[in-house]
Amino acid sequence: MDQCPECDHTYDLDEALLAGLAIREGIAAVVGILRDHAPADLAKRRQPDTWSPLEYACHLRDMLLVQRERVLAARRTDRPVCTPMGRDERVEHDGYGEQNPLDVARQLADAALLFTTVLDRLDPTTWSRTLVYSYPEPTERTLRWVAAHTLHEVRHHLLDIRRQVG
């Protein structure tokens, strides 16, 4: 994927080194929304098959934690295979829509800091390390791609959340 047609994010692997700052900025915007809106509004699904803003925020939190573990695995193991995170199952299994938005805001900020700290510690050689990303089909990816993809996730889901809260 070179560019997302829905959110217009471009996968620029040369900008991966700056992804940490952009991820923190995007997550700060999500945290602000979680703090500024009523819990009932955040938990409400506008359409049955579309996650609520709170569910998107929980997904972002868990995705950042999973991506952190993937980057760390790629640092210590050659070509680790990333198992799917079970994104859709987590919504129900972890009760995303029932969580306290202020707790999620704090956890999301922490998850962003944990992930971006790992990115910020990568040296030029390490950025080229690879892992096997399983979605949509097994493909070898560099850590540069992981950073660009994670930034895309943050930007895309911030857009999803903003569409719902106005």
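Odds and ends about this structure:
- Its Cα centre serving as origin, region 80-166 has a Cβ charge dipole (Lys and Arg +1, Asp and Glu -1) of approximately 380 debye.
- Cα-based helix-to-principal-axis angle, 143-165 vs the chain, degrees rounded to 10: 10 degrees
- Alpha-carbon Rg/Rh ratio, for region 1-56, with Rh computed the Kirkwood way: 1.08
- Of the residues VAL91, THR126, PRO48, the one whose Cα sits farthest toward the positive end of the charge dipole of the chain, with +1 on the Cβ of Lys and Arg and -1 on the Cβ of Asp and Glu, is THR126.
- In this rough spin-label picture, where each label sits 7 Å from Cα along the Cβ direction, the LEU114-ARG163 distance is 2.9 nm.
- Nearest 10 degrees, 0 to 90: helix 101-120 Cα axis against the chain principal axis: 10 degrees
- Spin-label model, SER128/ARG35: points 7 Å from Cα along the beta carbon direction are separated by 4.2 nm.
- The distance separating the Cα centre of region 60-86 from that of region 100-166 comes to 10 Å.
- Cβ-placed point charges (K, R +1; D, E -1), dipole of the chain about Cα centre in debye, nearest 20: 340 debye
- Shape parameters for region 38-79, alpha-carbon atoms, Rg then Dmax in Å: 15.3, 46
- Spin-label pair ASP2/ALA28, simplified geometry with 7 Å Cα→Cβ offset, distance in nm: 3.2 nm
No value in this document is a laboratory result; all are computed from the given coordinates. These numbers come from a predicted model, not from an experiment. Glycine also receives a Cβ, built like all others from the backbone with ideal geometry; neighbour counts cover every protein chain displayed.
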